[in-house]
Amino acid sequence: MGNRVNIDLLDHRFRHLFEEAPFAAALYTGPDFIIEMANETSLKLWQKDSSILGLPLLQAMPEMETQPLFQILTKVYASGIVFEGKERTVIQDVDGNPKKIYVNFVYKPVRDDDKNITGILAIGYDVSDQVSEKKKLEELEERARMAIESAGLGTFDLDYKTGTIITTKRFANIFGFDASVQLSDYLSRIHPDDLPIRNAAELQAFETGKFQYEVRLLMPDQSFRWIRVNGTLIFD
C-alpha cells in the first residue's frame with residue numbers, strides 16, 4: 001500500500017512538473033502517437049486546445065503527415081535513437097491558413113521495464129523570432145557586402161587575440177596580392193616611413209574605438225599607392 005502511494009505521489013509530481021515546464025512538452029504513446037500528455041505551452045505552440053488530448057497525432061493535426069518532423073518522429077520510434085533538431089520548419093494549420101514557424105526540439109524514446117519502446121517524449125520551443133532576426137541580419141550583411149563590392153572597397157577582419165586576419169579578395173588586390181595573406185605580409189607593403197603612422201593609429205584605436213589612417217604602399221615594382229583605412233574595434 002505504501003509503495004502504491006509513493007508511486008502515485010511520484011506520478012503526480014511528474015505531471016505537475018510536466019504541466020509547469022517553461023517549454024513545450026508532449027508525450028506520445030504507441031505507434032499511432034496518441035497524445036497522452038501535452039502542457040499548455042505545447043497547446044499554444046500548436047494553436048490547439050485540450051480537446052486533442054487522447055487523439056492520434058495525425059488525427060489531431062493532419063497537416064503534420066507530410067512534414068519532416070513527423071517523419072523524424074516515426075524514425076525515432078522505430079530506431080530508439082534520440083533526435084535533436086534546431087531551427088526546423090513547421091507549417092501550422094491555423095483556421096485553415098498555413099503558418100510557418102521554426103522550432104528547436106528533442107524526441108526521446110520512452111521504454112517500459114522490458115526496454116520496449118512505448119512512446120516518445122517531445123520537448124521543444126518556438127525560435128521563430130530568433131530565426132527571423134538572424135535572417136534580417138544576414139540580409140543586411142549581404143546588402144552591405146554588395147554595396148562595398150560595387151564601390152570597389154576592400155574589407156578586413158582582424159582578431160587581436162590570435163593575430164588572424166580575414167580579408168576580401170579586393171582588399172588583398174589593393175595590397176598587390178592575388179588572395180588573402182597573413183597580417184605581416186600586408187604590413188610589409190606599407191612604406192617604412194609611413195609604418196609609424198599606422199602603428200600610432202592602432203594605439204589610438206584602443207582608446208577611441210576608431211581605427212583610421214592614410215599611408216603609402218610600396219609595391220614590388222617600387223611604385224607607390226595611397227590607401228585610407230577606416231575600422232572599428234569591437235571589445236569583449
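Annotations
- Here's how it looks for residue 127: its modeled amide H is under 5 Å from those of 102, 103, 104, which are all 5 or more places away or on a different chain.
- With the simple spin-label model, which puts each label point 7 Å out from Cα in the Cβ direction, the residue 166 to residue 207 separation comes to 3.1 nm.
- Only helical runs count toward this figure. For the chain, summing -39,500 (n - 2.57) over DSSP H runs of n ≥ 4 and dividing by all residues gives -12000 deg cm²/dmol at 222 nm.
- About the Cα centre, charge dipole magnitude for the chain (Lys/Arg +1, Asp/Glu -1 at Cβ), debye: 480
- Longest site-free stretch - the chain; sites: trypsin sites (Lys or Arg not before Pro), DSSP loop, at most 16 other Cβ within 10 Å: 1-114
- Compactness relative to 2.2 N^0.38 Å, alpha carbon Rg of the chain: 1.67
- Mean separation of Cα pairs under 8 Å and 6 or more residues apart, divided by the residue count, gives the chain a relative contact order of 11 percent.
- Surface composition of the range 109-236: carbon plus sulfur atoms contribute 53% of the solvent-accessible area (1.4 Å probe, protein chains only, all chains present).
- Among the listed pairs 100/134; 134/161; 44/136; 169/210; 44/99; 161/210, a Cα-Cα separation exceeding 21 Å is found for 134/161; 44/136; 169/210.
- Point-charge dipole on Cβ atoms (K/R +1, D/E -1) for the range 67-142, about Cα centre, debye to 20: 260
- 10 Å-binned pair-distance histogram of the range 136-236 (Cα, whole percent): 14, 44, 35, 7, 0
- Other residues whose C-beta falls under 13 angstrom from the C-beta of residue 179 contribute a net charge of 0, scoring Lys and Arg +1 and Asp and Glu -1.
- Nearest-0.05 FRET efficiency for residue 129 and residue 44, computed from C-beta distance (R0 22 Å): 0.90
- Solvent-accessible heavy-atom area per residue, rounded to whole Å², over the chain at 1.4 Å: 66
- Positive end of the dipole of the chain (Cβ unit charges, origin at the Cα centre): among 150, 206, 98, the Cα lying farthest that way belongs to 150.
- Sum of side-chain charges, residue 201 neighbourhood, beta-carbon under 12 Å (Lys, Arg +1; Asp, Glu -1): -1
- Coordinate range of the alpha-carbon atoms in the range 77-197 per principal axis, descending: 78, 41, 24 Å.
The values are calculated or read from the model by the stated rules, or taken from the named source; none is laboratory data. This one's a predicted model, so the numbers in the text were calculated from it and none came from an experiment. Positions of Cβ are generated from backbone atoms using ideal geometry, with glycine treated the same way; all protein chains shown enter the neighbour counts. SASA here: full protein model, heavy atoms, side chains in, ligands and nucleic acids out. Shrake-Rupley method; radii C 1.70, N 1.55, O 1.52, S 1.80 Å.
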